[in-house]
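Computed from the coordinates by the stated procedures, all read-outs in this text should not be read as laboratory data. Keep in mind it's a predicted model, so treat the numbers as computed, not measured. Note that we place each Cβ from the backbone using ideal geometry, even for glycine, and neighbour counts take in every protein chain shown.
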Amino acid sequence: MLGPQTHLTARYMDLLSLTQSVTASNIANADTPGYRTLTFDFQSEFRRALEDPKGQAGESAAVFEAGLSAVKNDGNDVILERELRLMSESAIRFRHAALMLRGGIRGVRMAIQEGRGAIG
Amino acid sequence: MSLFNAIDLSATGLAAQRARVEFLTQNIANAETTRTPEGGPYRRRSVIFESRSFATSRFQNTLNQVNVLNNGWFSAPFPGTSELQGVRVSGVVVDPSEPERRYMPEHPDADELGYVEFPPFSPVRDMVDLTASVRSYQANLSAIEAARDMINSTLELARG
């Protein structure tokens, strides 16, 4: 009803939520010996959604170790600054996507209300 | 569901860092303790962190079951986020290093040579640990705030 972009926006927001969860995992384990930074491939996951816009929402994405080069003495390679940057970036992107979606919903709602005025 | 997972995950981080701060403050408070229930001077304690696979919540499991029963009513996002790791305190270790001996013959805990055993206190080490711990705590808190903002902006959608 809201157009084909809605599926994509939903998938985009799903992936941003996953970024947020992965970042939360990395931040929670910033002091855990032996923990390695986790990540997932946002771009290729989203590209898959672009190629097949239907029925992608809710599909799981592969999470793997990022393999950062700077490993600390305790075998932990979490860079807190990297995680905080990713976190604020994904929060802003998410807010942006939510605003766009909201605009679409508002348009449909306006159309419904205007239509009602014409009939009455 | 994924965003609520993120909040739960960060909460494990908060709990772990709080436990660490508790032991650090205990170490600082007992910097001069020469008598303990187990005998001898106080010994430094430090927490050991361990990452733990973050299982999906019971609520989410129920939702997934309902979803299967109803042939996919709604999408249950990211059912397989078990790769994500929470953190927990797996144990507390007692510092085995030798106590510091100070010559204080008038002290009630002095040995026959007049030496008193004090905890090997290193204020710099403890303060650095404390600062790092507080910083990690704040980072977890920021993560919760970010997830909360994201959830709120999703809720705004319903308002139109």
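Listed by Cβ neighbour count within 10 Å, with the fewest neighbours leading, B:Ser122, B:Ser2 appear as B:Ser122, B:Ser2.
Approximating the spin labels as points 7 Å out from Cα along Cα→Cβ, the B:Glu100-to-A:Asp74 distance works out to 2.3 nm. Other protein chain C-beta atoms within 10 Å of residue C-beta, averaged over A:35-41: 2.
On the beta carbon distance between B:Arg148 and B:Thr33, with R0 = 35 Å, the FRET formula returns roughly 0.25. Taking the fewest neighbouring Cβ atoms within 10 Å as the starting point, the ordered list for A:Ser44, A:Ser25 is A:Ser44, A:Ser25. PRE reach from B:Arg125 (point 7 Å along Cα→Cβ): which of the range B:99-113 fall under 18 Å by backbone N? Counting only backbone N, you get B:99-102. Taking every Cα-Cα distance in the protein assembly as shown and sorting them into 10 Å bins from zero, the calculated P(r) comes out as 6, 23, 25, 17, 12, 8, 5, 3, 1, 0, 0 percent. The Stokes-Einstein estimate for the range A:4-119, based on a Kirkwood radius over Cα pairs and taken at 37 °C with 0.692 mPa s viscosity, is a diffusion coefficient of 201 µm²/s. Sorting A:Glu83, B:Glu117, B:Glu145 by the number of Cβ atoms found within 10 Å of their own Cβ, with the fewest placed first, yields B:Glu145, B:Glu117, A:Glu83.
Near B:Ser2: Cβ cut-off under 11 Å, other residues only, Lys/Arg at +1 and Asp/Glu at -1. The net charge is -2. Here is how the number arises for the protein assembly as shown: DSSP H runs of 4 or more residues each give -39500 (n - 2.57), the sum is divided by the residue count, and the result at 222 nm is -19000 deg cm²/dmol.
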